[in-house]
Structures are given as structure tokens and as C-alpha cells.
Amino acid sequence: TTLAESGASSAQGSLKSLVWCTEVCYKAFSELSRSQIAQIASDVGAEVKCFKKATTFGRWLMKEKPAVVYLLTDWREAKPCCDEMIKASEELPGLGKITMM
């Protein structure tokens, strides 16, 4: 997927999160990828969140209001994740920075 940034500079939340949004995030064959993502998150001081669908990511985003989100997604969830980020930024003007990878 492509790199894009969305969100405001000031945040209501205080957490850094590395979010992995893909239908296969909990599948057995993704265990190595999950482990590697967890290591990367640890290296940047972030917690890992896995979501199968963009709608679940959107609900989490609205509830948690994280200060920084690094969003890793696949092509199927890229557009829905962007839609969720736009919706959240409209409803939460102080939403933190989101970097989509």
C-alpha cells in the first residue's frame, strides 16, 4: 500500500500504537509477521493492535483517541481504513497523527 498521513497535530490520547489491519492478522500463517510487527512496535515504543476489518479499527480509533498511529494494512482494507480515518478526523478535531503504510 501507499504511504499517506492524516490527522491533526495535537492529540487527545497519549499512546503510540502500531495497528495491523488485515483479515489474516490472527491466522496461524501470520504468526511470524505478528512477531516481527511486535518487535518493530517495541523498537519505536508503541503497542500493537490487530484488527481484521477497518470498521473495528475505526471504532477503536474513536474510543482510544491515540496520539500517534502507525497503520499497516493490505490493499483490501486500505480504502476502508482511509474512510475510517477521515470520519474520525471529522468527529475528533484533536485526533493525533496517523501514518499509513
Which one of these does THR55 not meet: (1) more than 12 Å from VAL19 (Cα to Cα); (2) of a type in the set (Val, Ile, Thr); (3) in contact with a Ser or Thr (Cβ under 9 Å, 6 or more places away or on another chain)?
(3)
Listed by first then second residue, the pairs whose first member lies in segment 40-56 and is surrounded by fewer than 19 Cβ atoms within 10 Å (Cβ to Cβ), whose partner is among the acidic types (Asp, Glu), with beta carbons under 9 Å and at least 6 positions apart or on separate chains, are LYS52/GLU23; LYS52/GLU77; LYS53/GLU23; LYS53/GLU77; THR55/GLU84
Any residue in segment 67-82 that's modelled with pLDDT under 95: show its pairings with residues that are basic (Lys, Arg) at Cβ separation under 7 Å, as long as the two are six or more apart or on different chains.
ALA67/LYS16; VAL68/LYS16; VAL68/LYS97
Within segment 67-98, the residues that are touching a strand residue (DSSP E or B) at 6+ places or on another chain (Cβ under 7 Å) and among the acidic types (Asp, Glu) are GLU77
Suppose we filter PRO80, PRO93 for residues that are open to solvent by 20 Å² or more (accessible area, probe 1.4 Å), assigned to a loop (DSSP other than H, G, I, E, B), over 17 Å from LEU18 (Cα atoms) and not aromatic (Phe, Trp, Tyr); which single one remains?
PRO93
Kindly provide the set of residues from segment 13-34 that are exposed (fewer than 13 other Cβ atoms within 10 Å of the Cβ) and under 26 Å from LYS97 (Cβ atoms), ordered by number.
SER14
Got at least one residue in segment 62-74 being closer than 17 Å to LEU95 by Cβ, surrounded by fewer than 15 Cβ atoms within 10 Å (Cβ to Cβ) and basic (Lys, Arg)?
yes
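The values are calculated or read from the model by the stated rules, or taken from the named source; none is laboratory data. Note that this is a predicted model, so its numbers are computed, not measured. Quick reminder, even Gly has a Cβ in these numbers, built from the backbone with ideal geometry, and neighbours come from all protein chains shown. Areas reflect the complete protein model, heavy atoms only, side chains present, ligands, DNA and RNA absent. Shrake-Rupley method; radii C 1.70, N 1.55, O 1.52, S 1.80 Å.
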